[in-house]
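Report on one structure; see the data block that follows.
The values are calculated or read from the model by the stated rules, or taken from the named source; none is laboratory data. This is a predicted model, so every value here is computed, not measured. Counting neighbours? That spans all protein chains shown, and the Cβs are built from the backbone with ideal geometry, glycine included. Quick note on the areas: whole protein, heavy atoms, side chains included, nothing else; ligands and nucleic acids left out. Shrake-Rupley method; radii C 1.70, N 1.55, O 1.52, S 1.80 Å.
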Amino acid sequence: MLAVRRAVVDGLFYPALPRVLRAQVADYLAGVGADDDATSLPKVLIAPHAGYDYCGPVAACAYALLGRRRERIISRVVLLGPAHRVAVRGLASPRADAFETPLGRVELDIASLAALDNLPQVIRDDRAHEHEHSLEVQLPFLQTLLGSFTLVPLVVGDVSADAAAQVLEQLWGGAETLIVVSSDLSHYLPYEQAQALDRATAQRILRFDAALAPHEACGATAINGALLAARRHGLEPRLLDLRNSGDTAGDRGRVVGYGAMAFEQQQR
């Protein structure tokens, strides 16, 4: 019998009914204008992980890049997100065989996960995944755009950027592998203060400054590791969108920042 990690934030962060969820994701993607700068599929995406009413339009700016080409090259997604519910030392991989959302099951890449067991910074811990939303909310976008793919989900806790980058290097693969880092930006600042901090954080990411702190991005550790790996592989960063909850669905007294970014192979 397959061990399946069930959806836990459907009906909270995004719709629980499949038809409603499909329609909402489609609407967000339709709202993204044509990307004339896209010449290849991205290798690394950074996308936010709040409720869809708040961050869905921003996340769509990242994921829309996957729908620009008819070929379906990507068959594996490495998904990293910060731990919100359980303290994690290192990076936590699950023992599950599949993750499930209202749009269906996504099988895990069991061989890749087993290979990570040789790294001391990677632990097996289903508790870290059981109630974690930062990974789950990315899946409906991926399911909509990629259809069939395997997943390598990792919850990132207390670990160095170098150690996180080492994991990504092992999983890097070729064009078949997409890396997604799930992260929001600043939290609970007044609107204008959040705008200033998030702009500065975005510029640091575009400069491959791998020393972000958690108050700048809750997924700072995963972003830092991805920046180290992306720089080694000569990827080119692009800022796709930068907003906060005051721009989408919330008041402007205390906002959460959201950014969408892509890292692509340089064109020669």
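Things to note:
- Based on C-alpha pairs under 8 angstrom that are at least 6 apart in sequence, the chain has a relative contact order of 27 percent.
- A Stokes-Einstein calculation at 10 °C with viscosity 1.306 mPa s, built on the Kirkwood radius of segment 154-221 over Cα pairs, returns a diffusion coefficient of 118 µm²/s.
- For segment 1-137, the relative contact order works out to 36 percent when only alpha carbon pairs closer than 8 Å and six or more residues apart are counted.
- Taking every protein chain into account, the 1.4 Å probe leaves Glu264 with about 20 Å² of accessible area, to the nearest ten.
- DSSP-defined antiparallel bridges as percent of all bridges, the chain, nearest 5: 45
- GNM flexibility winner over the chain from Leu145, Leu189, Leu45 (Cα, springs under 10 Å): Leu189
- Protein-only accessible surface at a 1.4 angstrom probe places the residues Leu178, Leu41 in the order Leu41, Leu178, largest first.
- The chain: proportion of alpha-carbon pairs further apart than 28 angstrom, %: 27
- For the chain, built as a Gaussian network whose Cα springs stay under 10 Å, the top-fluctuating residue of Ala229, Ala211, Ala62: Ala211
- Relative packing of 231-239, 193-201, which averages over residues the other C-beta atoms within 10 Å, highest first: 193-201, 231-239
- The chain - mean residue ellipticity at 222 nm from DSSP helices (-39,500 (n - 2.57) per run, n ≥ 4, rounded to 500): -10000 deg cm²/dmol
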